[in-house]
Amino acid sequence: MAMVRKGLHIKMGKSYLQISTSRVLLYIFITALVCFTAMPLIYVVVTAFKPIDELLKFPPQFFVRKPTMQNFNDLIVAVGSTSVPFLRNIANSVFTTVVTVFLAVFVSSLGAYSMAKMDLPLKKQIFSVIVAALMFPGEVTTIPNYLIVDGLGMINTYWALIIPKVAGAFNFFLMKQFCEQIPTSLLEAARIDGATELKIFTRIVFPFLSPAWATLIVFTFTSCWNDSSGPLIYITNEAMRTLPIAISSISTGGLARQGAMTAGTLIMTAPTIIIYTLMQRRVIETMAHTGIK
Amino acid sequence: MATATIAKDTSKKRVKAKKVKGGGVSSTSAVITAVIFFIPFFVLFCIFTIGPVATSLYYSLTNYDLIQTPEFVGLSNYQGLFLDDELFMTAFKNTLYFALISGPVGYLMSFVMAWILNDMKGRTAFALAFYAPSIASGTAMSVVWGYFFSPDRYGLINNVLTNLGIISSPILWTQDPKTILPCCIFIQIWMSMGTGFLVFMAGLQNQNRELIEAGSLDGIKSRFQELFYITLPQMKPQLLFGAINTISGSFGVFGVITSFAGFPTPNYAGHTMAAHLYDFAFVKFEMGYASAIAVILFAITFAAGKLCMWMLTDKD
């Protein structure tokens, strides 16, 4: 809030009256550009409601003329034709994503707080390893990760989709940088008042970190919900397949499945966008502290 | 576990209070609590991040087919990659080509976008529209790209180009070795501006406004001078975080290309190091060889990351 006021003040200070043609042109240009970058998403939304004749029409058209829900019925039929009902796929995705998000937020904030504000030994060294880990492309660790998940006996269990994602370098990094903002005096006061560390964490630290965990929720949710390689590698049991796998399995159905495919794409995409929209303000607040110094 | 922590804590609080006055000296029990808080993260991080990198290093020196025990072969996997594997050299070149274009271009574009949007009204809405495509799933987006770049007259781009009279017959975007990589670079730039954009946006919003006012008193005239002399030096930490995120995304590229042109790509035109790795690990089951590819890929991203750190960290 204070920041917004400051921003306004600056603008007033500068020549705010110059709302010139160049300004208007800039707005037009940016609007056009944003429409362009958002085009794939707009396409996803409109196409999901196209009746089959519009989908196959030539020349192809971008927008929908006679919207219909038929594609969603087709989707349920197409996916449900395998032995596993579509709702089960959705439930698998929701369950693994929610548990991962919950554990990731909890484990990362506990660890990050310990590193930022407690007497953790070797914190500098461990932190530089975590920063280095930000640069690991996920592809590099696919093979050993498989062997480890296999060695822990987690193949074909939901844990295979959850546990490897709980302690990510990216999540930890965000959390730790944000934890540095907690006023140390507040913690010391609580300690002198006799609060235990666990109480300090749950009563003071965790609420303070709310923008950071909003951010973690967005990123972890997105990466789990969209993950198509994990379920492909770790899960062979059809009943445990998640949404991305179920949807890409119908993409091989050719033209007849095209309607179902568009509906599936919308179902895949919508939750991440909705969650991000709800959290955007807090996400940007967190990101301000992510710099590497 | 929880009760143990609490018990330790009660004994600790007096020591801790003393520490505040004395300063600096940490008590054993404070260290123990810190370690207990840190352990869940640390154990999982070691098992699923550090462990895999370490085992990759080891397997890269072995022959390993997942069934028999790994047989130590020294550096021969690396020797094979660089001396006898022409396909690896193709993958190597493609990866560099892809990363050196998509990385810097995407990075610059997301910064410029954040900079322009930052003092526009309604930036929240613009930011949402700009960022949203990059959190949509690759699986979902490949459907869209499939339609945009469809190699027949149904494809949106071919359709538009035909109507404009630029081309007479449809371009085979997804099959022509000449167009595969450029198209994927285009898609990657489009899709990958997200995280960097958010970080930059946040950094810009939290600039020290007093510096800007001071600058305008000191003779900063244009927005560009302000950008180069005041904004960018202030934002180095965010610039670095953005760069590091871009690097790991652009060198590890695989998914975008596979969903665009299949696997393997026609004439290996879009064969990247990650694709080569996938091929040896999950098609040919030569884990040792695949691990050597992983190690090289990691070395490259790490070197690029270090370079960025060196460029964007204050040396004083």
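The values are calculated or read from the model by the stated rules, or taken from the named source; none is laboratory data. This one's a predicted model, so the numbers in the text were calculated from it and none came from an experiment. A quick note on method: Cβ atoms are made from the backbone with ideal geometry, for glycine too, and the neighbour counts reach across all protein chains shown.
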Only one residue in B:Ile257, B:Ile244 is touching a helix residue (DSSP H, G or I) at 6+ places or on another chain (Cβ under 6 Å), part of a helix (DSSP H, G or I) and closer than 28 Å to B:Thr179 by Cβ. Which one? B:Ile257
Scan region B:260-291 residue by residue and report those that are within 11 Å of chain A (Cβ to nearest Cβ) and aliphatic (A, V, I, L, M). B:Met273, B:Ala274, B:Ala275, B:Leu277, B:Ala281, B:Met287, B:Ala290
Taking only region B:260-285 into account, find how many residues are in a loop (DSSP other than H, G, I, E, B) and either within 19 Å of the chain's Cα centre (by Cα) or on the phi < 0 side of the Ramachandran plot (or both). 8
Run down A:Ile217, A:Ile182 and say which single residue is closer than 18 Å to A:Ser109 by Cα and outside any helix (DSSP H, G or I). A:Ile182
Residue under evaluation B:Lys121, criteria (1) at the interface with chain A (Cβ under 9 Å from one of its Cβ atoms); (2) part of a helix (DSSP H, G or I), criterion not met: (2)
List the number of the failed condition for B:Leu81; all other conditions in (1) within 7 Å of chain A (Cβ to nearest Cβ); (2) over 24 Å from the mean Cα position of the chain (by Cα); (3) part of a helix (DSSP H, G or I) hold. (1)
Scan (1) farther than 30 Å from B:Leu57 by Cα; (2) crowded, with 24+ Cβ neighbours inside 10 Å; (3) in contact with a Cys (Cβ under 8 Å, 6 or more places away or on another chain) for the single condition A:Ala112 breaks and write down its number. (1)
I'd like to know if region B:229-244 contains one or more residues that are in the same structural domain as B:Asp119 (by TED's automatic domain parsing), among the β-branched types (Val, Ile, Thr) and surrounded by fewer than 22 Cβ atoms within 10 Å (Cβ to Cβ). yes
Do you know which residues across region B:59-78 are touching a residue at least 40 places away in the same chain (Cβ under 8 Å) and part of a helix (DSSP H, G or I)? B:Tyr59, B:Asn77, B:Tyr78
What are the residues in region A:269-285 that are more than 9 Å from chain B (Cβ to nearest Cβ) and within 11 Å of the chain's Cα centre (by Cα), if any? A:Pro271, A:Ile274, A:Met279
Return yes when A:Ile247 is of a type in the set (A, V, I, L, M), more than 30 Å from A:Lys66 (Cβ to Cβ) and in contact (Cβ under 8 Å) with a residue 24 or more places away in the chain and no when it is not. no
The helices (runs of 4 or more DSSP H) lying entirely within region B:142-211 that contain at least 2 residues which are modelled with pLDDT of 85 or more and surrounded by fewer than 21 Cβ atoms within 10 Å (Cβ to Cβ) are B:156-163, B:177-191
Hey, can you tell me all the residues within region B:262-294 that are in contact with a Leu (Cβ under 8 Å, 6 or more places away or on another chain), surrounded by fewer than 18 Cβ atoms within 10 Å (Cβ to Cβ) and closer than 11 Å to B:Thr90 by Cβ? B:Tyr268
